[in-house]
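Peer 1: Sharing a structure below in structure tokens format, with a few things to ask.
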Amino acid sequence: MHHLLLSLATTPTPLPTPTLREGISEDQVTPGLLGFIMTAFFVVATALLIVDMVRRIRRVRYRAQVEEDRMAAAAAADVEAAEAADAGAPGQQARGGAVQGTADGGTDTAQGDQRH
């Protein structure tokens, strides 16, 4: 086994030939103009697809952000409307609850203050 490894390690590698072998032309070993054009086409197409994908992702994120802002504004408007309704008629609700509570015979006046 040692002899095999020693012979493989000491076996010289063939020298590269500076010219092509007979029967092989340069067009057979290089991609040529057509190969360059196809590679350039794939690079440009990939770059355009990446730019389009980034644009679409940004658009989706922007739309989601606008939708969240719209929902937050609508929720804030609902809260303000509910607070305005509560602030505009606190005596009516408290009186209605007290009257209802005494009409029932109960003493719970907090029924009118519950929010749904």
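Throughout, read-outs are computed from the coordinates displayed, never taken from laboratory work. Predicted model, so just to flag it, every value in this text is computed and none were measured. Heads up, the Cβs are rebuilt from the backbone with ideal geometry, glycines too, and the neighbour counts pull from every protein chain shown.
Peer 1: Mind running the shape call on the range 25-71? Use the C-alpha gyration tensor, a ≥ b ≥ c as the square roots of the eigenvalues: rounded below 1.5 for a/c, prolate if a/b tops b/c, oblate otherwise.
Peer 2: Taking the square roots of the gyration eigenvalues as a ≥ b ≥ c, the range 25-71 is prolate.
Peer 1: Given a Förster radius of 35 Å and the C-beta distance between Ile57 and Glu80 as r, what FRET efficiency does 1/(1 + (r/R0)^6) yield to the nearest 0.05? Could the numbers behind the result be given before it?
Peer 2: On the way: r = 35 Å, r/R0 = 0.99.
E(calc), rounded to 0.05, equals 0.50.
Peer 1: Run the quick spin-label model on Asp69 and Leu4: label points 7 Å from Cα toward the beta carbon, then report their separation in nm to one decimal.
Peer 2: Taking the simple label geometry, Asp69 and Leu4 are separated by 7.3 nm.
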